[in-house]
Amino acid sequence: MAEVVTKGVGKVERTADRAEVNVSFETTGSTRNEAVDVLTARVAALEPAFQRPGVEVRSRQLAVHDNWDGKRRSGSRAAQNYVVRIDDVAGLDDLLGALVTAEPTWLNGPTWQLKDDAEAVHEAQREAVQDARRRAQGYAEALGARLGPLQRLTDGDAEAWTTESHRMMAAGYGGAPGVPPQVDQLNLEAQQIVVTVRCTASWTLLD
C-alpha cells in the first residue's frame, strides 16, 4: 500500500512575561584584596534591588586576577557577574534604572522569555499536524488518490525565540549622581515570543 510522508510546521506567538538581564561590575586595585574590597563596596548598595518582588538572581560569578604589563605585574582586577531574572516585567524599568545608576561595567538585556510555554507548544503542535495533513491531502489529490489514515507521526524539536529583541549596553551612566536614568523612555516593552513545532507524518494513500 502506498504512503505519502509530509512535514508540518506550526508557529504561534505569545507576549513574553519574563526577562533576564546580564550585568557586570569590575574594579581594580594594587592587590587582589584591594580590588575585591572596592568591588564589595560597589555592589553592596545594589543587593537590595535584587530583593524586590519578582526579581531573582540566577547566578553570581566572581573573577579575580592580576593585571600584567608585559612581564611585569600591574595591579589586580576583580569582577562580579550577575544573571538576573525578572518575573514581574512591570518592574523591569525600575530595576534597570537601579542597575545603571550603580555604574555597571557592562549591562546586556533584557532577553525575553515565557514562564510557561506548554499551552503555546500544544497549539503549535495542532497547527503542525494540520499543516502536514494539508500537504498530504494536496499530494493525494495530485495523484488522483484519496488520503487514508495516519500511520506514523514523528515529533520535531520545539523552538522559541523573540521576534524582536531590544538590548541595552551600559559602560557608565552620565546623569546626575543618585538620580536613576529614565529607562522607561527606551521603550523596552515585552516582545513577542514565537514558538515553533515541526513534525513528520506518514499517511496511507487509498485508490
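Does GLU34 satisfy the condition of being among the charged types (D, E, K, R) and either more than 23 Å from VAL100 (Cα to Cα) or modelled with pLDDT under 90 (or both)?
Details: among the charged types (D, E, K, R): yes; either more than 23 Å from VAL100 (Cα to Cα) or modelled with pLDDT under 90 (or both): yes.
For GLU34, the condition - among the charged types (D, E, K, R) and either more than 23 Å from VAL100 (Cα to Cα) or modelled with pLDDT under 90 (or both) - is met.
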Next item on the list: Write out, first by first residue and then by second, each pair whose Cβ atoms fall under 7 Å of each other, whose residues are 6+ apart or on separate chains, and whose first residue, in segment 83-109, is free of Cβ contacts under 8 Å to residues at least 60 places away in the same chain while the second is not in a helix (DSSP H, G or I).
Entry: ASP88/PRO53; ASP88/GLY54; GLY91/ARG52; GLY91/GLY54
Margin query: Please pick out the residue among THR6, THR28 that is surrounded by 14 or more Cβ atoms within 10 Å (Cβ to Cβ) and outside the structural domain of ALA79 (by TED's automatic domain parsing).
Written below: THR6
Note to self: Looking only at segment 37-49, count every residue that is over 13 Å from ALA98 (Cα atoms) and without any contact (Cβ under 8 Å) to a residue 40 or more places away in the chain and tell me the total.
What the structure shows: 3
Note to self: Taking the criterion of being in contact (Cβ under 8 Å) with a residue 12 or more places away in the chain, farther than 30 Å from VAL197 by Cβ, of a type in the set (Val, Ile, Thr) and outside any strand (DSSP E or B), would at least one residue in segment 50-72 satisfy it?
What the structure shows: no
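The values are calculated or read from the model by the stated rules, or taken from the named source; none is laboratory data. These numbers were taken from a predicted model, which means no experiment stands behind them. Heads up, the Cβs are rebuilt from the backbone with ideal geometry, glycines too, and the neighbour counts pull from every protein chain shown.
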